[in-house]
1. Pull up all non-local amide H partners of L24: gap of 5 or more, or a different chain, and H-to-H distance under 5 Å with H placed in the peptide plane.
2. Whole Å is fine, so just give me how far the alpha carbon centre of the range 10-56 lies from that of the range 123-143.
3. I need the shape label for the chain. Rule: rounded when a/c is under 1.5, else prolate if a/b > b/c, else oblate, with a, b, c from the alpha carbon gyration tensor.
4. Taking H as built 1.01 Å from N, whose amide H comes closer than 5 Å to the amide H of H130, not counting residues under 5 places away?
5. Find how much the distance from R42 to R204 grows on full extension, using 0.36 nm per residue of separation minus their present alpha carbon separation; answer in nm with one decimal.
6. Expected output is a single nm value to one decimal: the length gained when fully extending between D64 and C162, i.e. 0.36 nm times separation in residues minus the C-alpha distance. What is it?
7. Is any residue of the range 1-39 close enough, with backbone N under 13 Å, to a label point placed 7 angstrom from the Cα of E114 along the Cα-Cβ axis, and if so, which?
8. Please work out the FRET efficiency for the pair E73 and Q152, using the Cβ-Cβ distance as r and a Förster radius of 30 Å; give the result to the nearest 0.05.
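We did not get these values from a lab; they are worked out from the coordinates using the rules stated. Everything quoted here is computed from the prediction, not taken from an experiment. Cβ sites come from the backbone with ideal geometry, for glycine too, and all protein chains shown count toward neighbours.
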Amino acid sequence: MGPPGAGKGTQGDRVAERLGIPRLSTGDMLREARKSGTPLGREAQRYMDAGELVPDDVILGIVDEALGAEAAERGFLFDGFPRTLAQADGLAALLGERDEALDAVLSLDVPDEELIARISGRRVCGSCGHVTHTRDVGDTEECPVCGGRLTQRSDDREDTVCRRLGVYREQTEPLLEYYAKSDAGLTVVDGTGRVGDVTERLFRALDEVGTGTSA
Ligand code: AP5
């Protein structure tokens, strides 16, 4: 969990790789649906471009489908889901049907000024999906990984970013207390500093809750 730009995608890739489990990002799934022009993608587009959340029933539907499709005996890493109390309750029900439970909930903590700086400079490759930042690659439009074209996400415009941060505070932040009181508990991790340092903090936090990243 964490606000827009906290590093959920960047860190989620690294943690999922270390644990050998798939990363299920509802944002990525929605962007994929938009790119393919499916009815779901068209419905999601207007919410995403306005910085609003996509309705809970739509999100729970795509998560249910993804859980059914993924062969993941060792589990899943959710990125950007759940974001509302209704989604958290829906997730508990979906996991209960599968006789599963959450092992851990991690939240990345980053101050707003840094979030805005990260989002305004974010660039994404249209070919391989690599996410980078103008602080690292400058003004180039060439992806450092595959040579594809780097562009800015359509919801990374300044006015939309402010709305996304407001929506996070109103609708998602209350979930931190919800999970702090749950069996899974909540670990808040400092998301500032170098990417590798944040990753190490996350691995340490996961080791402390016994998910075995050091194995
Ligand atoms: P989503 O795609 O999930 O976006 P988000 O939550 O707003 O988060 P971001 O992707 O902006 O940031 P991130 O935390 O992944 O940061 P990143 O690693 O990229 O959702 C988009 C939209 O889809 C939502 O607004 C909503 O409409 C809809 N949606 C999705 N899920 C939904 C749900 N469950 N319910 C309802 N609607 C939903 O990093 C950001 C930048 O910072 C990058 O450039 C990166 O290179 C850089 N960076 C990362 N770490 C560091 C570091 N340590 N130091 C310096 N730079 C860094």
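1. L77, F78, D79
2. Using only Cα atoms, the two centres lie 19 Å from each other.
3. rounded
4. Amide H neighbours of H130, under 5 Å, 5+ apart: C125.
5. 54.3 nm
6. Here the segment from D64 to C162 would lengthen by 32.3 nm.
7. Residues 3, 5-8 qualify, since their backbone N sits under 13 Å from the label point.
8. 0.20
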